[in-house]
Amino acid sequence: MATLIHTLSDHSDDVNYCAFSSSYLATCSLDKTIRVYSLSNFAELPYSPLEGHTYAVHCCCFSPSGLVLASCSTDGTSALWDTRDGRRLAVLQQPGASPVRVCRFSPQATYLVAGAADGSVVLWNVQSMKLYRSGKVKGGSLMACAFSPNGNFFVTGSSSGDLTIWDDKMRCLYNEKAHDLGVTCCDISSHPVSDSENGFKYFQMASCGQDNHIKLWLILFADFLGVQLKYKCTLNGHSAPVLACAFSCDGQMIVSGSVDKCVIIYETSTGNTLHTLSQHTRYVTTCAFAPRSPLLATGSMDKTVHIWQLDLKQPCAGQCTVENESKVAVEDWSEDDVSAWLYAQDLADFVGLFKMNNIDGKELLNLTKESLANELKIESLGLRSKVLQKIEELRMTMISVSVPDEFLCPITRELMKDPVIATDGYSYEREAMENWISNRRSSPMTNLPLHSLMLTPNRTLKMAISRWLETQQK
């Protein structure tokens with residue numbers, strides 16, 4: 001189920017885009033403003049709306065830390081804002097002053113990419129606030145952009161229908177005609193998927209366009225293979241151009257918004273439709289999943305943003321939190337991070353209580369049945385037990401936060417159980433390497449020919465992995 005829990009109606013014109021951080025929701029509009037809301041109660045922040053653009057604001061996005069918000073506009077600029085007080089930190093002028101349609105931060109917030117109506121693509125150095133690299137697509141406006149989770153490459157989509165893959169040095173690596181009538185949006189899942197043919201992990205990308213379709217793609221980026229883009233399937237369901245698409249945080253769902261006024265949520269693995277939402281009265285222009293709570297935001301030309309709560313039995317609500325928690329240590333969580341976690345665990349009734357008692361990540365991990373009863377005054381034994389159970393589950397997920405890289409198989413990127421040494425000198429999971437050499441006689445790491453297909457058990461590494469696992473279970 002997807003339940004409409006709140007509607008934001010503060011914009012005076014079409015809503016063009018919405019974006020989540022772990023604590024905030026940002027929206028932007030043809031009315032030239034960006035508005036920022038707290039996820040704890042959907043109240044607009046005191047410094048909102050952000051004003052400064054002289055024409056329509058087309059896109060906004062948060063830096064990975066959530067401390068900086070970027071926006072871009074028809075006025076030919078991208079702006080950076082401090083989310084703590086709303087100060088404008090910088091105004092970045094697009095070369096040629098062409099209207100800027102899309103902007104995205106790289107995963108490490110090193111760069112901000114900005115794409116414009118004249119086809120120009122600019123990488124801005126966020127620290128120096130200066131232009132780092134620039135490029136241009138052939139024909140059409142830049143309408144879409146998405147970074148890979150590792151930051152090694154990003155993809156742009158144009159009104160001419162092309163998807164273009166660039167590396168972080170702004171070199172064009174690959175180009176594909178994807179949507180005949182133009183690309184409107186694209187997104188890359190933060191969760192890689194396995195390809196049974198060769199054992200590689202691929203990044204999964206979704207693109208949508210004026211042809212009414214959503215297409216799924218698999219992208220492989222490897223030094224020894226270059227870039228490969230494989231078409232996977234097409235998701236149908238919309239009867240008009242699709243203007244927006246986005247993956248859920250765990251990659252198991254895709255949401256799309258369309259000129260047909262509908263929002264559709266698909267299951268990624270099967271392509272099946274999970275929900276069709278028809279509450280908007282005009283074109284749906286934007287949609288986004290929250291990173292740490294089971295929330296979905298959809299924006300429309302009807303000037304509203306709808307906030308939906310997803311059924312907590314859906315995979316995203318339970319699994320995405322674990323993955324994102326691994327990126328920020330729980331003990332470093334802010335009070336807002338704890339609030340987002342409570343929402344995700346179906347403990348929303350405790351958000352106000354935890355806020356009142358200033359419970360951050362460190363305090364959360366130290367909660368006991370005594371402190372819940374005596375300090376937080378939770379009288380119900382059942383509720384105290386539920387909270388403690390969720391905290392214990394959270395502690396358990398912290399065990400797998402940082403697996404040493406040398407314990408991961410280079411092919412599957414998973415913890416090795418039966419490591420073997422190949423003649424290239426590298427260690428691999430036996431099954432993965434056996435599958436690899438059954439199809440080819442080259443090294444997965446160097447792409448050079450293997451002089452022998454012999455695989456030697458790496459008992460030293462296996463013992464090291466076993467000892468590491470024991471320390472994690474203590």
_Reachable lysines from Lys386, criterion Cα separation under 17 angstrom, eight or more residues apart if same chain_ = Lys313, Lys369, Lys377
*Phi-based couplings in Hz for segment 149-161 (Karplus 6.51, -1.76, 1.60; Gly and Pro marked x)*: x, 8, x, 6, 8, 9, 10, 10, x, 10, 5, 7, x
*Given the pairs Lys169/Lys232; Lys215/Lys261; Lys130/Lys362; Lys355/Lys390; Lys136/Lys177; Lys362/Lys390, which are separated by over 26 angstrom at their Cα positions?*
Lys169/Lys232; Lys130/Lys362
*How large, in percent, is the carbon and sulfur part of the accessible surface of segment 42-127 at a probe radius of 1.4 Å?*
51 percent
*Net charge contributed by nearby residues that have their C-beta within less than 15 Å of Thr304 (K/R +1, D/E -1)*: -2
*What length, rounded to one decimal in nm, is gained on full extension from Leu388 through to His6, with 0.36 nm per residue of separation minus their alpha-carbon distance?*
134.6 nm
_What distance in nm lies between label points placed 7 Å from Cα along the C-beta direction at Val227 and Thr471?_
3.9 nm
_Farthest positive-ward along the chain dipole, Cα basis, beta-carbon charges - from Val113, Pro49, Gly382_ = Val113
*Magnitude of the charge dipole, segment 405-473, Cβ model with Lys/Arg +1 and Asp/Glu -1, debye to 20*: 140 debye
*Could you state the accessible area per residue of the chain in Å², with a 1.4 Å probe and every protein chain left in place?*
43 Å²
*Residues with amide H under 5 Å of His58's amide H, sequence separation 5 or more or different chain, H placed in the peptide plane at 1.01 Å from N; which?*
Cys72, Ser73, Thr74
*Run the quick spin-label model on Gln127 and Ser452: label points 7 Å from Cα toward the beta carbon, then report their separation in nm to one decimal.*
4.7 nm
*Given Val351, His58, Thr368, which one lies farthest toward the positive end of the charge dipole of the chain, if we put +1 on the Cβ of every Lys and Arg and -1 on the Cβ of every Asp and Glu?*
His58
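Count the net charge of all other residues whose Cβ sits under 13 Å from the Cβ of Glu44, scoring Lys and Arg as +1 and Asp and Glu as -1.
0
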*Is it possible to state the helix-based mean residue ellipticity at 222 nm for the chain, with each DSSP H run of 4+ residues giving -39500 (n - 2.57), the sum divided by total residues, to the nearest 500 deg cm²/dmol? What is it?*
-5000 deg cm²/dmol
*Remind me, relative contact order of segment 330-399 in percent, using alpha carbon pairs under 8 angstrom and six or more residues apart?*
33 percent
*R0 = 35 Å: FRET efficiency of Glu379 with Gln108, Cβ-based, nearest 0.05?*
0.15
*Using 1/(1 + (r/R0)^6) with R0 = 41 angstrom and r between the beta carbons of Asp349 and Arg441, what's the FRET efficiency to the nearest 0.05?*
0.10
_[x] 52, 25, 21; [y] 35, 32, 21; [z] 38, 26, 22, with the label sought being that of the calculated semi-axes √(5λ) of the Cα gyration tensor in Å_ = [y]
*In debye to the nearest 20, how big a dipole does segment 2-310 give about its Cα centre with +1 on each Lys and Arg Cβ and -1 on each Asp and Glu Cβ?*
460 debye
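The values are calculated or read from the model by the stated rules, or taken from the named source; none is laboratory data. Everything quoted here is computed from the prediction, not taken from an experiment. Glycine gets a Cβ as well: all are built from the backbone with ideal geometry, and neighbour counts include every protein chain shown. In case anyone asks, the SASA skips ligands and DNA or RNA and just uses the protein heavy atoms, side chains included. Shrake-Rupley method; radii C 1.70, N 1.55, O 1.52, S 1.80 Å.
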